[in-house]
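First the structure, in the form of structure tokens, and then the observations on it.
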Amino acid sequence: MHRIGLDFEKLKYPHNGLYTFCMQLGQRLLQLKADDEQLRYYLPGGFNDFKGDFKKIPYKWYHRYAFNPSEMDIWHAVHQTGNVWPRKKAKKTILTIHDLNFLFEPNKSKAEKSRSLEAIQRQADETDRIVAISQFTLNTIQEYIKVPKSKCSIIYQGSEIKEFPGFDAPQYRPVAPFLFAIGMILPKKNFHVLPRLLEHNDYELLIAGKTQGDYFKKIEEEAAKYGVSSRVKLLGSITDEEKYWYYKNCKAFMFPSVAEGFGAPVVEAMHFGKPVFLSDKTSLPEIGGDAAYYFKQFDNEHMQQVLEQGLTHYATNNPVDAIQQHARKFSWDTNAREYMKLYRSLY
């Protein structure tokens, strides 16, 4: 029996991309495992959403100090900030690095960045294989962490948006054409540059996502600066039904982030054939490809020009099919198959 353990502790955070990653990978692996393979999931207390044959390793608060599971053939740490690392209990280990975004965050001190890099370096030294979720992430790993190229590979994240065709009751219904953005309300998401796009038009701007810290105040300050406060709506966390409705009905999707390892909302919006406007930073050009429009800088004139020209191009060329075809490249089924292939290559 081949025993494969995965660290799904991040499922205790239901409103971010890591939750989706863990949920999608965990459920699909259950459909791919062979009779001689046993999946062992390290799960937060009370989580019971996986359907299938697996063994649960219950989370305990003291595991970050003393974690002693039974022996396994493979241990997969699905994110570089996991709290447990049972290296001595696993014959082979895999570490997925989603990003090194802290390197690009101006509010992080050099000392903080150095400590974070040292922690990842120690884990990289101990692991047998490192997986990056994009070419950009892999390039960043190889620039800042000493690790042999032969030890590294890329497995792209997937994307899937639940659809609710009969749903028509969002918590906030815009009264004008609207621009939509979604993500954790954090400085690296750069959402505060978006209110300036409402000058000289009647669009609304809807930003969905859980608020952390006081960054939301900067968004509100920018909205007030441009006299568009009444048209900027911070929605907070939204349901899957509402997310579907806003993607389906928005004029365009906005994602000006300056630190992304992948950028799942970009692909989600593309599933609907929407024009997506991204920053040209970190992984986003890789994920958006030729199917997106890019902000190369964030001054008023440039951003407004990119938006206007992009919407004109979209209306003139109707690239809906090409955008949706691009989105289909990023599949959770492919993601899970690639991980299962990697596990099997190590035993």
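Things worth noting here:
- Panel note: the C-alpha atoms of region 70-149, placed on their principal axes, show extents of 42, 24, 18 Å (largest first).
- Contact order for region 1-96, expressed relative to its length and based on alpha carbon pairs under 8 Å spaced 6+ residues apart, stands at 31 percent.
- Relative contact order %, region 200-298, counting alpha carbon pairs below 8 Å whose residues are six or more apart: 21 percent
- Computed E for Asn68/Ser153 - FRET, C-beta separation, R0 25 angstrom, nearest 0.05: 0.25
- Dipole of the chain, positive direction: furthest Cα of Ala291, Tyr244, Gly158, with charges on the beta-carbon: Gly158
- The dipole here belongs to the chain: it is taken about the Cα centre, uses +1 on the Cβ of Lys and Arg and -1 on the Cβ of Asp and Glu, and is about 1280 debye.
- Read-out Cα extents along the principal axes in Å, derived from the coordinates shown; its label in (i) 73, 45, 32; (ii) 63, 48, 36; (iii) 62, 42, 40: (ii)
- Per-selection Kirkwood Rh - region 1-159 (Cα, Å, 1 d.p.): 16.5 Å
- Here is the P(r) of region 148-282: all C-alpha pair distances, binned every 5 Å from 0, give 2, 10, 19, 23, 21, 12, 6, 3, 2, 1, 1 in whole percents.
- Across region 227-241, rounded Karplus estimates of 3J(HN,Hα) from the backbone phi angles (6.51 cos²θ - 1.76 cosθ + 1.60, θ = phi - 60°) give x, 10, 4, 5, 10, 10, 10, 8, 8, x, 5, 10, 7, 4, 4 Hz, Gly and Pro being marked x.
- Rounded to the nearest 20, the Cβ-based charge dipole of region 152-305 about its Cα centre (Lys and Arg +1, Asp and Glu -1) stands at 220 debye.
- Rolling a 1.4 Å probe over the heavy atoms of the protein chains gives the chain an accessible area of 46 Å² per residue.
- Cα-based helix-to-principal-axis angle, 110-126 vs the chain, degrees rounded to 10: 40 degrees
- Dipole-positive endmost among Pro44, Trp75, Met303 within the chain (Cβ charges, Cα centre): Trp75
- Between helix 300-317 and the chain: long-axis angle, C-alpha atoms, 0 to 90°, nearest 10: 90 degrees
- For the residue pairs Lys12/Lys51; Lys233/Lys281; Lys12/Lys210, the alpha carbons lie more than 19 Å apart in Lys233/Lys281.
- GNM result for the chain, Cα springs below 10 Å: residue of Ile133, Ile238, Ile97 fluctuating most strongly: Ile238
- Within a Gaussian network of the chain (alpha carbon springs, distance under 10 Å), most fluctuating of Pro265, Pro106, Pro275: Pro106
- Near the amide H of Ile238, within less than 5 Å, lie the amide hydrogens of Gly209, all on another chain or at least 5 residues away, with H placed in the peptide plane.
- Inter-site label distance for Asn48 and Asn300 at 7 Å from Cα along Cβ, in nm: 5.7 nm
- Largest mean-square fluctuation among Tyr65, Tyr156, Tyr42, in a Gaussian network model of the chain whose springs join Cα atoms under 10 Å apart, belongs to Tyr65.
- When +1 charges are put on Lys and Arg Cβ atoms and -1 charges on Asp and Glu Cβ atoms, the dipole computed for region 232-312 relative to its Cα centre reaches about 160 debye.
- Over the chain: helical MRE at 222 nm, DSSP H runs n ≥ 4 each giving -39500 (n - 2.57), nearest 500: -10500 deg cm²/dmol
- Surface composition of the chain: carbon and sulfur make up 48 percent of the accessible area, probe 1.4 Å.
The values are calculated or read from the model by the stated rules, or taken from the named source; none is laboratory data. The structure presented is a predicted model; accordingly, all values stated were derived computationally and were not measured. When we count neighbours, we look across all protein chains shown, and the Cβ atoms used for this are built from the backbone with ideal geometry, even at glycine. Note: accessible area is taken over every heavy atom of the protein model, side chains too, but ligands, DNA and RNA are not part of it. Shrake-Rupley method; radii C 1.70, N 1.55, O 1.52, S 1.80 Å.
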